[in-house]
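Notes to accompany the following structure.
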Amino acid sequence: MSCCDQPGLMPLETGLQMLLAAVTPTLETEKVSLQECAHRVLAEDVFAQAPVPGFDNSAMDGYAIQRNGVECDIAYPIQGKSFAGKPYTEQIKPGHAIRIMTGAAIPPGADCVIMQENTVATDSEVTFKKLANVGNNIRKQGEDIPPGHLILNAGCELKAAHLALLASVGCEAVTVYKKTRVALLSTGDELKTPGEALAFGDIYNSNGPALTVMLNNLNVELIDYGVIEDDPDLFRQAFLKADQECDFVITSGGVSVGEADYTKDILEEIGQINFWKLAIKPGKPFAFGELPNSYFIGLPGNPVSAMVTFHILGSQAIRQHQHLGCRRMPALQAVSSTAIQKSPGRMDFQRGKWQWNGKAAEVALTKTAQGSHILTSLADANCYIALEEDRGDVAMGETVTIWLFDQLI
């Protein structure tokens, strides 16, 4: 018996754990340049091949000296200048100073730097008002990273600071996991592309653009198959082709119980359904399964339902495949400033707008209705009001849990 034939609805957390357990992280890797690896996931540990800094250098603008024998209020000749990229390479003479800039190499024989603010100087001489101790204001070679040091672990998602770190040790390319390949199929005879004329009964395909943005935010390799008409043969052909080309096949629409909803039938024919129908609102007809070569995610057709279920569930499957694992949205307790209607039985993700009132977080429903077809309820929101399965109506002033929107949506 498949999950969809069993009585009752599966709790969200059960479905999420089943989904995560079913998805195996990719093993495919490739070597890419530093310029191409932003938000890619490292497939192997990275070790520093050179020290950082690569040489002793000055931590500030000032004067490098050999500390022994130098006193305050005596004018010392300036022997030369050391700039970043233009080091002074001669040995410093006792009783002399080298003008030095931040990041410049410490001249041979110098053992400290006196900051510019503690000096009085002319073009040829400098007098020290306050001295430094040996080693002061010098960044030592390898102080940040010694050679051979482990700088990044496999599984790290490479962000700006990581790229700077890799560049600092001279790393020009790294081995990362290949991008997850995702096929996106929109289903329904009624769907038209914005710009096309609408006949009576037609609607514009809003799921496609929304899911494209969300998938691009997950840094996948996306193949958009466009709109598939309500024809079982076309469904079958599209599924088989997408299964050969991609790691995930994602559909929107066609997973309900209508006469023209063929997705479930085709999935059962050429693959398997792991679960179908969750105890959530919006998005009850969410489906997850497996095709011969890929994973299947079936999203509801209603636009809010499609976006919410992909945000909460589908994105986690993709992150699991990317070696990133489950990344839950930040959650807060907030005081509801509006009354909320809810029937027990399903976990409800109503769209809200939260703010900090100086003492606590407070949240209100978005001003538009909460129907699964009303996109303005999502466009105006910055969080989900996550109401538990067994919870009923919420009175104004009650505490609720909110899930804060992340960069995905």
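The values are calculated or read from the model by the stated rules, or taken from the named source; none is laboratory data. Note that the structure is a prediction, hence the values are computed from the model and not measured. Neighbour counts are summed over all protein chains in view; Cβ atoms, including those assigned to glycine, are modelled from backbone coordinates with ideal geometry.
Taking the residues in region 123-153 that are part of a loop (DSSP other than H, G, I, E, B) and of a type in the set (Asp, Glu) as candidates, determine which candidate is surrounded by the fewest Cβ atoms within 10 Å (Cβ to Cβ). The qualifying residue surrounded by the fewest Cβ atoms within 10 Å (Cβ to Cβ) is Asp123.
One line per residue, one yes/no per condition, for (1) free of Cβ contacts under 8 Å to residues at least 24 places away in the same chain; (2) among the acidic types (Asp, Glu):
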| position | (1), (2) |
| --- | --- |
| Ala199 | yes, no |
| Asn205 | yes, no |
| Gly208 | no, no |
| Thr212 | no, no |
| Val220 | no, no |
| Pro232 | no, no |
| Thr263 | no, no |
| Glu268 | no, yes |
| Lys277 | no, no |
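In summary, strands (runs of 3 or more DSSP E) completely within region 175-293 and bearing 1 or more residues that are of a type outside the set (D, E, K, R) and either out of contact with any strand residue (DSSP E or B) (no Cβ under 6 Å at 6 or more places or on another chain) or surrounded by fewer than 17 Cβ atoms within 10 Å (Cβ to Cβ) (or both) occur at 221-228, 272-276. For region 356-367, the criterion of being closer than 24 Å to Gly253 by Cα, hydrophobic (A, V, I, L, M, F, W, C), free of Cβ contacts under 8 Å to residues at least 40 places away in the same chain and out of contact with any Pro (no Cβ under 7 Å at 6 or more places or on another chain) is met by no residue.
Output the residues belonging to region 85-101 that are within 19 Å of Phe128 (Cα to Cα) and crowded, with 16+ Cβ neighbours inside 10 Å. Listed by number, the residues that qualify are Ile92, His96, Ala97, Ile98, Arg99, Ile100, Met101.
Restricted to region 62-82, and to residues that are assigned to a loop (DSSP other than H, G, I, E, B) and surrounded by fewer than 17 Cβ atoms within 10 Å (Cβ to Cβ), which residue is modelled with the lowest pLDDT? Selected residue: Gly69. Scanning region 84-110 for residues that are over 45 Å from the mean Cα position of the chain (by Cα) and closer than 12 Å to Asp56 by Cα turns up Pro108, Gly109, Ala110. Please list, ordered by first then second residue, the pairs with beta carbon atoms under 7 Å, 6 or more apart or interchain, first in region 10-37 and at pLDDT 95 or above, second of a type in the set (Lys, Arg). Sorted first by the residue in region 10-37, then by its partner, the pairs are Thr26/Lys178; Glu28/Lys178; Thr29/Lys178; Glu30/Lys178; Val32/Arg40. Hey, among the residues in region 37-60 that are part of a loop (DSSP other than H, G, I, E, B) and small (Gly, Ala, Ser), which one's surrounded by the most Cβ atoms within 10 Å (Cβ to Cβ)? Result: Ala48.
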